[in-house]
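Remarks on the structure that follows.
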Amino acid sequence: MKFKSHLLTLLLIFAFNISWSQELKLSIIGNNKEQTTFITKQNYLKSHLTIQSLNDEIRNFQEKIKPLGYINNSLKDLSKQNDSNYVAVIDLKNKIDNIHIYLSNDIKKKSFYQKLNLNETAANQIIIPFENLENKLIKLNKIISNSGYPFSSLKLIDIKQKDQKSLSAKMIIETIEEERTINKVVIKGYEKFPKSYLKRYLKINPNKVFSIESINNKTKAINNLSFARQTKSPETLFTKDSTHLYLYLEKLTSNNFDGFIGFTTNENTNKIEFNGYLNLVLNNNLNYGETLMLNYKSDENEQKHFNLNTTLPYLFGSPIGIDANLQLLKKDSSFISTKQRASLFYQANATSRFYAGIENTISSDLSNSNQTTNVIDYNSNLYTLRYEYLKRQSEEKLFQIKSYLNIELGTGKRKTSYIDDNQSRVDINANHIFNLNKKNSIYIKGIIQIITSNNYYENELFRFGGINSIRGFTENSLTANNLAILNTEYRYKLSNSIFVNSVIDIAKFKNDLIYQEENLYGFGFGFGLLTKSGLLRFIYANGKTKEETVKFSNSKIHLSLTANF
């Protein structure tokens, strides 16, 4: 019996609480139809559990519409319609459209006055739409702070009603100190970070006007370096008479070894033949930002290719760098070509470089036979201009280069024992990753190479085919004087270290030496695996011409490994 009595009491208390926790509804209207139309377009909380919450929401709404010009609004009435519905009547009154701000002569004497771009009238005042006032003042204060006055203050005083739709006020700008400049830059974590990169690449120098916004924007460029990254945002130490800037950096392992092995079945011998290449890149080992690249390639067509390239940025602290290259190409016992090139370059910003240089090529006929004119001794000199764009996505482990563009133009002369010819060359290489979402992306790469000359020789033509051009064809088995290639991959990430991809390649080439013009197609699939050793890629592709049918015996398998150390 006692148990039933307690249970009944609990049920009564529960029912009592439910009745008191009934939801309250709030409706806000204006003093007339026009005001109500405006209010209904504004967002406010309509459901409340307590009267206190409802009253707080009305006050919040009144404050919310003040920056919109209704600074004189007032609560005219709050009435209870029934047990749960309340109606608040707010009179918006007159709307303030503009504020007239008067400028003192002291403001015009400030060093940063011109940067404010105030566009004052003849009456030494600026007129600002009231709705834009807050954003305008924040913008002005940021300009002042970035002009070397981080502790400045901007305020309006003597705010008065000018007329029914306008206010008037006076602007006061207080700078309680002298203009601050960066006195010292301190690098934490990677103390041997190249000083030339600090000065030329990031453009952060002592004795420059202090601007934290500018510094934050500049340090974002570190993310486009392969050998360093920023571990946390810059910090500043202010003392009475000095400003020290602290940058927190970390050195990255940016050396990499890249290689692949390709194998296919020889149609004549039915034996497996191997080909491949080795690519070694040493980056910033001397803490100078320098790059040394060594490439050796050997393929089943008895071609051997050696390429040595070095890049030295910011020579002697100047904005100019040098790029030097040596290439050797030997084709069985047919010919050997030696190409030397040197360029000066200017790093315009974090992503762009401009090059100007000269290129010399000497090619020799090894057969010593005069029965064919396809291979001939020649010496060519070209003057080159080049533009390079590179943007990284440092947060991505599998594919760190998001966009790349290289455009090179060359013009000059090729000399043989018979005739001198004018020549020009176009070389365009570009690729980009379209990130659809975190797992799906599309990779597109384009190559255009053109030689323009009165006649052509085999030992000067472009050589293509294989994993770095059109997949499904033997490495460097094709030659052309006019070439266009499009590589595409759809990539799907199974995890942060594994992906699968499609292979669809298209090429159109022209070889005027043997009057050949064809379209080529490559189809296949592949996958990649990020291991402790590096990125391992497998690609299976089949190549065909427009007229050919697909033959699986023509398929090629490409394996590559890119290891960072």
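Taking the conditions exactly as written (open to solvent by less than 70 Å² (accessible area, probe 1.4 Å), among the polar types (S, T, N, Q) and under 17 Å from residue 94 (Cβ atoms)), does residue 42 satisfy them or not?
Criteria not met by residue 42.
Let's see how each residue does on (1) crowded, with 16+ Cβ neighbours inside 10 Å; (2) β-branched (Val, Ile, Thr); (3) outside any loop (DSSP other than H, G, I, E, B):
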| position | (1), (2), (3) |
| --- | --- |
| 503 | yes, yes, yes |
| 514 | no, yes, no |
| 517 | no, no, yes |
| 539 | yes, yes, yes |
| 547 | no, no, no |
| 553 | no, no, yes |
| 558 | yes, no, yes |
| 562 | yes, yes, yes |
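Could you list all residues from the range 219-231 that are open to solvent by less than 70 Å² (accessible area, probe 1.4 Å) and in a helix (DSSP H, G or I)?
219, 221, 222, 223, 224
Which members of the range 523-537 meet the condition of being outside any strand (DSSP E or B) and within 23 Å of residue 443 (Cβ to Cβ)?
Residues satisfying the conditions are 531, 533, 534.
On the given criteria, is residue 254 open to solvent by less than 40 Å² (accessible area, probe 1.4 Å), of a type in the set (Ser, Thr, Tyr), more than 27 Å from residue 378 (Cβ to Cβ) and at pLDDT below 95?
The answer is yes for residue 254.
Going residue by residue through the range 435-457, is there one that turns out to be within 24 Å of residue 399 (Cα to Cα), at pLDDT below 95, of a type in the set (D, E, K, R) and in contact with an Asp or Glu (Cβ under 6 Å, 6 or more places away or on another chain)?
no
Can you go through 213, 191 and tell me which one is at pLDDT 85 or above, in a loop (DSSP other than H, G, I, E, B) and either open to solvent by 70 Å² or more (accessible area, probe 1.4 Å) or not polar (S, T, N, Q) (or both)?
Of the residues listed, the single one that is at pLDDT 85 or above, in a loop (DSSP other than H, G, I, E, B) and either open to solvent by 70 Å² or more (accessible area, probe 1.4 Å) or not polar (S, T, N, Q) (or both) is 191.
Kindly provide the set of residues from the range 456-492 that are touching a Leu at 6+ places or on another chain (Cβ under 9 Å), over 18 Å from residue 335 (Cα atoms) and either of a type in the set (Phe, Trp, Tyr) or surrounded by fewer than 20 Cβ atoms within 10 Å (Cβ to Cβ) (or both), ordered by number.
Across the range 456-492, the qualifying residue is only 473.
Would you point out the residue of the range 276-323, among those that are open to solvent by 50 Å² or more (accessible area, probe 1.4 Å) and touching a Phe, Trp or Tyr at 6+ places or on another chain (Cβ under 7 Å), that is nearest to residue 556 (Cα to Cα)?
Once the filter is applied, the top-ranked residue is 278.
Please specify each residue of the range 520-565 satisfying the condition of being modelled with pLDDT of 85 or more and out of contact with any strand residue (DSSP E or B) (no Cβ under 7 Å at 6 or more places or on another chain).
Answer for the range 520-565, where residues must be modelled with pLDDT of 85 or more and out of contact with any strand residue (DSSP E or B) (no Cβ under 7 Å at 6 or more places or on another chain): 530, 531.
Please work out if residue 347 is within 27 Å of residue 479 (Cα to Cα) and of a type in the set (S, T, N, Q).
no
Applying the selection to the range 324-336, what residues are open to solvent by less than 30 Å² (accessible area, probe 1.4 Å) and without any contact (Cβ under 8 Å) to a residue 24 or more places away in the chain?
325
From the list 201, 246, pick out the single residue that is in contact (Cβ under 8 Å) with a residue 40 or more places away in the chain and over 22 Å from the mean Cα position of the chain (by Cα).
Of the residues listed, the single one that is in contact (Cβ under 8 Å) with a residue 40 or more places away in the chain and over 22 Å from the mean Cα position of the chain (by Cα) is 246.
Just the residues that are among the aromatic types (Phe, Trp, Tyr) and within 15 Å of residue 112 (Cα to Cα), please, taken from the range 130-158.
The answer is 149, 151.
The values are calculated or read from the model by the stated rules, or taken from the named source; none is laboratory data. Nothing here was measured: the structure is a model prediction, and the numbers come from that model. Because the Cβ atoms are built from the backbone with ideal geometry, glycine has one as well, and the counts that use them run over all protein chains shown. Accessible surface areas use protein heavy atoms only, side chains included; no ligands, DNA or RNA. Shrake-Rupley method; radii C 1.70, N 1.55, O 1.52, S 1.80 Å.
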